[in-house]
Amino acid sequence: MTWALECGACGRGADLHLATLCPECAKPLLAIYPLAKLDGAGLRRRWETRAPGPWRYREIMPIREHEQPVTLGEGATPLIPVEPGGELAGLDVLVKDEGMNPTGSFKDRGMGAAVTRASLDGVDHFTAPSAGNAGAALAAFAARAVAKAHVFVPSDIPEGVLRRCRHYGATWDAVDGLIDECGRRSAEYSAETGAFNVSTLKEPYRIEGKKTMMLEIAQALGWRLPDAVVYPTGGGTGLIGSHKAASELRALGLVSGNCRLYSVQAAGCAPIVDAWNAGASAASAWADAHTEAWGLRVPSAIGDFLILRAIRESGGGAIAVDDGSMREGARELGSLGVGAAIEGGAAMVAARRLAARGELKTGETVVLFNTAHLLTY
Ligand SMILES: Cc1ncc(COP(=O)(O)O)c(C=O)c1O
């Protein structure tokens, strides 16, 4: 069984081999599987008996029958029931603890899938811009694939982040500027050296890795979607992937109903929230982006229209929270036993506000994404 690629904006198809952006409009490509030809019940039985991790769902992942993935035991992260009380009393709140991935963040899922596909197609040199976690994940998976990795990071990110890249043998450039400037440098480096660029949504498979979070959640809930997910959003791969996973499971007849997706951004960098509030279908670049949540400091996302579409189609919403509140949210998760990064704290505090506004309701099952471990910074 193989898949096809289709542009998320204009719908045009693209060649599978080392695909990047749509050849027509330079927007992100999405992987499309022949779901109507697959037997959902049969797949469910297979998936349940395979070893846990993203590749248990291989029939809807970018891998062919006899190929082997590049893996470090990523995924299969805990879904922890918590009882935060207050506005969230009476809701079933679960934390998907992505800090438990090999390099400490959910970036392992996306990079695992992207490095797998590209190295199966012959790539042995990678590049990406990173706020930190993606760089560490790329470094680790490239090491596992016996490939080189060169990352471009903003010069003001914490030293601990660079230490992780160094540990896995990656090289890097510290750039005066934000992630968008790092993205430009990474694209130039790719053009000069032939390194394959695995920048967010500039190739189609990081989404595929990230979608496995939602596949795992549905499986853990007995093939049911949660009522809502609260997701700290930067480039949006996780949110777009979660929406894609829910649609694919519905198409396979394995779940019914809907999961509302709520995007949380930092008050100092909230282009998606602004666009959502304005009813727009694309976001404007955010000037003077600032937040301590490095993963959320993304002033303009190439997949803005896909993020906004996922929120709209799922009936969710978007909300901004300031850094002080995120820190409190992370401390609250700590008090519940979860070692959360500040981005996870953003999800916690956003969930409280959404419940106070009546957007999350008593009796609902709500999943908060802790996207990275406390120790990653
Ligand atoms: C810890 C953390 N949370 C959230 C994000 C945002 O992820 P996405 O690009 O999937 O929106 C990032 C991205 O760098 C991150 O490192």
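Here are the numbers for this structure:
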| quantity | calculated |
| --- | --- |
| Virtual paramagnetic centre 7 Å along Cα→Cβ of residue 87, amide N under 20 Å, in segment 360-377 | 360-371 |
| Extension gain (nm, one decimal) between residue 188 and residue 292, 0.36 nm per residue minus Cα-Cα | 34.7 nm |
| Accessible area of residue 100 in the full protein assembly, 1.4 Å probe (Å², nearest 10) | 110 Å² |
| Largest to smallest accessible area among 206, 327 [probe 1.4 Å] | 327, 206 |
| 18 Å Cα-Cα reach of residue 211 towards aspartates and glutamates, excluding residues that sit fewer than 8 places from it in its own chain | 6, 48, 59, 74, 97, 98, 108, 203, 227, 248, 304, 313 |
| Restricting segment 44-105 to trypsin sites (Lys or Arg not before Pro) in coil, as DSSP defines it, with at most 14 other Cβ within 10 Å | 50, 64 |
| Accessible heavy-atom area order of 369, 305, highest first, probe of 1.4 Å | 305, 369 |
| Net charge contributed by nearby residues that have their C-beta within less than 15 Å of residue 281 (K/R +1, D/E -1) | 0 |
| Listed residues 155, 370, 73: farthest to the positive end of the dipole of the chain (Cβ charges) | 73 |
| Local net charge near residue 81, Cβ-Cβ under 14 Å (Lys/Arg +1, Asp/Glu -1) | -3 |
| Dipole of the chain, positive direction: furthest Cα of 302, 51, 31, with charges on the beta-carbon | 51 |
| Fraction in percent of alpha-carbon pairs per bin - 10 Å, segment 107-197 | 20, 55, 24, 1 |
| Cβ-defined net charge surrounding residue 303, 13 Å radius [Lys, Arg +1; Asp, Glu -1] | +4 |
| Centroid-to-centroid separation of segment 147-207 and segment 215-281 [C-alpha atoms, Å] | 26 Å |
| Whichever lysines have a C-alpha closer than 24 Å to that of residue 210, once near sequence neighbours (fewer than 8 apart) are set aside | 27, 37, 96, 107, 148, 202, 244 |
| Long-range HN-HN contacts of residue 29 with modeled amide H, under 5 Å | 8, 22 |
| Rounded FRET efficiency, nearest 0.05, which uses the C-beta distance separating residue 331 from residue 25 and R0 of 51 Å | 0.70 |
| Model label zone, residue 44; criterion: amide N under 20 Å from point 7 Å along Cα-to-beta-carbon; scope segment 240-256 | 243-256 |
| For residue 127, residues with placed amide H under 5 Å, excluding near neighbours | 150, 196, 197, 198 |
| Relative compactness, segment 1-147, computed as alpha-carbon Rg over 2.2 N^0.38 Å | 1.21 |
| Relative contact order, percent, the chain [alpha-carbon distance under 8 Å, six or more residues apart] | 18 percent |
| The chain: projected area of the alpha-carbon convex hull, averaged over directions, in nm² | 16.5 nm² |
| Solvent-accessible surface (1.4 angstrom probe) belonging to residue 17, in square angstrom, nearest 10 | 120 Å² |
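The values are calculated or read from the model by the stated rules, or taken from the named source; none is laboratory data. Here the structure is a predicted model, which means the values were calculated and not measured. Glycine also receives a Cβ, built like all others from the backbone with ideal geometry; neighbour counts cover every protein chain displayed. Just so you know, the surface numbers come from the protein's heavy atoms only, side chains and all, with ligands and any DNA or RNA stripped out. Shrake-Rupley method; radii C 1.70, N 1.55, O 1.52, S 1.80 Å.
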